[in-house]
Structures are given as C-alpha cells and as structure tokens.
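Structure first, then comments.
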Amino acid sequence: MITNISCYQFAALSELKALRERLLDQCRASELKGTILLSTEGINMFVAGNPEHVDALVATLHAIPGLAGLTPKYSESAQQPFRRMLVRIKKEIIAFGVEGIEPAKYTSPRLAPKVLKQWLDEGRPVILYDTRNNYEVKLGTFKGAVVAGIDSFRDFPAAVAKLPPEMKHAQVVSFCTGGIRCEKAAPFMEREGFEHVWQLDGGILKYFEECGNAHYEGELFVFDQRVSLDPGLRESDWSMCFACRAPLSVEEKIDHRYVENESCPYCFKATEQ
C-alpha cells in the first residue's frame, strides 16, 4: 500500500537551492515520487511512497525553521500515483499574482470541518464559496455552494468583483481542495470589503477525513493520477484526458470523441471534410 500526503505551509524560507537539492536527494534515495514546490513564501507538496519513507520526509521538513507546524493530510492508494519526483523553486507556491497578500503574515480566520458541519446541520445562514477551477467543481462540491466559475486561480479577483454586493455582509466560508488557495483567497476577499470571511481549515480533504460526505455532493478532484477521491478518500472511477487534462467520467470515455492519449469530448476537433 502506498501512503499519499499533501500539505503546505506559508513561512519565510531561504537558501532554496540548497534546500531543493537536500530534499530531492532524500526523496530519490527513498524512492518517493511527487512534487514539492519551494518559494520564499513557503512550501507546497504532494508526495507518495513507502509509509516509513514518507514519515522520514515529514520529520526532515519539521526540522526546518518555519515548518514545525506542517500538517500533512494522508490517504492511501494501491498504486504509486506519480510518475517522477520533482522539487521546484517558484515565485509563489500557489500562483495568484496579487501583491500585498502574504499568508505568512496574515490569513483569515480558520473554520474547523466539524464546526462547519455543525453550522450546516443547524441550518445556520452561511454562504459556501468554492474557489476552485471549473474542471474541479465538475466532480463535486458542497450542496448549494456558490462557485467562482474560473479556469485559473489567477482569475479569482475578477470573479470576486462580480459577486452580488449583499454578499459582502454575509457569513462566507471559502473552501478549496486542501486549503492553500483559501490562504490567499479569503484575505483578498476581506481586502475587497467582505466583512465576515472564514476559510475551511484543511479544505475538502480534511472535511472528508473528519466529516465524510455530510452536505457534500459528488467526489473530489486531486492533482495526481488518481484523478478523484470519494468522501472516504478512496480512488474512484474518473480518468483524465491525456491531451487537455479534463476529468472524464466513465460515460464520457465511451463517447466517440474520446481517443486514448489523443482527445476527449472537450478537446476533440472534427476533421474538416
């Protein structure tokens, strides 16, 4: 059985080139695979492999100044979901492109998954705001959620500008896959005048872990070869188009426009006669 972890931490990191080589050497020696993004603003990672080797990597990260609070989210898979091991240095660990939003210095209040479930159980007036991309939302989201309707997180500011003015006075809970996007999305919304913004702590992954499918419809898109997880954090039946990376259901793979490693109903271009 393969152990999968996903985690991030906003922290002031330095000497990134040396850190990159150190982490890459350890991961390769342990036959771990996945992606680690390093930046002066922190770390973001998806890694899978032998449980003992994963734990050793987490211990290494916890010893790095600023990363002691790193809290991975765990799941298991029968197969290795990644093809190779990458450690990259980036300007941002989650591309947003908005100046002045610095999660290492300030983030909006966090809402624990069990508290959100309690609020929803009680029918508390709250707006759930899905900050993810459209192709992710396609697989599932919270019942009644307001969807950003974006193709890239860099489009998020424009989506916020289109929200109804009355939403600025409501209780808003932003959410995403693992929480990292909301570290920037929620403070940005506050800056734009939204008065009561929470971010779902740990995102949908942690909510599934603690609350299962309560108030959630469908499954969760993940950024590896598993493509999607059900609320029990088990791999489900979705696939991904080799050409355009769109998630595909079993029915969509039966479509005549689906050609393995070539096209799907979303990127197929009919040949002119």
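The values are calculated or read from the model by the stated rules, or taken from the named source; none is laboratory data. If you're wondering where the values come from, they're calculated on a predicted model, not measured in any experiment. FYI the Cβ positions are ideal-geometry reconstructions off the backbone, even for glycines, and counts take in every protein chain you see.
Quick check: is even one residue across segment 58-73 assigned by TED's automatic domain parsing to the domain that holds Phe10, in contact with a Gly (Cβ under 7 Å, 6 or more places away or on another chain), in contact (Cβ under 8 Å) with a residue 40 or more places away in the chain and closer than 18 Å to Gln225 by Cα?
yes
Can you tell me which residue within segment 138-151, out of those that are without any contact (Cβ under 8 Å) to a residue 60 or more places away in the chain and aliphatic (A, V, I, L, M), is surrounded by the most Cβ atoms within 10 Å (Cβ to Cβ)?
If we take residues in segment 138-151 being without any contact (Cβ under 8 Å) to a residue 60 or more places away in the chain and aliphatic (A, V, I, L, M), then Ala148 is surrounded by the most Cβ atoms within 10 Å (Cβ to Cβ).
Name the residues in segment 153-175 that are out of contact with any Leu (no Cβ under 8 Å at 6 or more places or on another chain), in contact (Cβ under 8 Å) with a residue 24 or more places away in the chain and under 21 Å from Glu99 (Cα atoms), would you?
Phe153, Arg154, Phe156, Pro157, Val160, Ala161
Quick one: which of Phe82, Phe142 is farther than 26 Å from Leu16 by Cα and not acidic (Asp, Glu)?
Result: Phe142 is the single residue among Phe82, Phe142 that is farther than 26 Å from Leu16 by Cα and not acidic (Asp, Glu).
Residues in segment 247-262 that are under 28 Å from Ile94 (Cα atoms) and crowded, with 17+ Cβ neighbours inside 10 Å: how many?
So the answer is 2.
Please tell me if Ser108 is in contact with a Phe, Trp or Tyr (Cβ under 7 Å, 6 or more places away or on another chain) and of a type in the set (Ser, Thr, Tyr).
Against the criterion (in contact with a Phe, Trp or Tyr (Cβ under 7 Å, 6 or more places away or on another chain) and of a type in the set (Ser, Thr, Tyr)), Ser108 qualifies.
So which of Arg181, Arg154 ends up being among the charged types (D, E, K, R), under 18 Å from Ile93 (Cβ atoms) and surrounded by fewer than 18 Cβ atoms within 10 Å (Cβ to Cβ)?
Just a single option satisfies the conditions, and that option is Arg154.
Within segment 93-109, how many residues are surrounded by fewer than 16 Cβ atoms within 10 Å (Cβ to Cβ) and either closer than 20 Å to Lys206 by Cβ or among the aliphatic types (A, V, I, L, M) (or both)?
Selection size over segment 93-109: 4.
Would you point out the residue of segment 204-258, among those that are without any contact (Cβ under 8 Å) to a residue 24 or more places away in the chain and in the same structural domain as Gln118 (by TED's automatic domain parsing), that is nearest to Tyr129 (Cα to Cα)?
Among those that are without any contact (Cβ under 8 Å) to a residue 24 or more places away in the chain and in the same structural domain as Gln118 (by TED's automatic domain parsing), it is Asn213.
Counting only residues that are modelled with pLDDT under 95 and among the acidic types (Asp, Glu), how many does segment 137-186 have?
Going through segment 137-186 one residue at a time, the tally reaches 1.
Can you spot a residue in segment 186-198 that is in a strand (DSSP E or B), under 18 Å from the mean Cα position of the chain (by Cα) and farther than 15 Å from Phe156 by Cα?
Within segment 186-198 (the criterion being in a strand (DSSP E or B), under 18 Å from the mean Cα position of the chain (by Cα) and farther than 15 Å from Phe156 by Cα), the answer is yes, since at least one residue qualifies.
Which pairs have Cβ atoms under 9 Å, sit 6 or more apart or on different chains, and link a residue in segment 92-118 that is over 19 Å from Phe175 (Cβ atoms) to one that is in a strand (DSSP E or B)?
Listed pairs, sorted by first residue: Glu92/Leu37; Glu92/Ser39; Glu102/Phe10; Ala104/Gln9; Ala104/Phe10; Ala104/Gly42; Lys105/Phe10.
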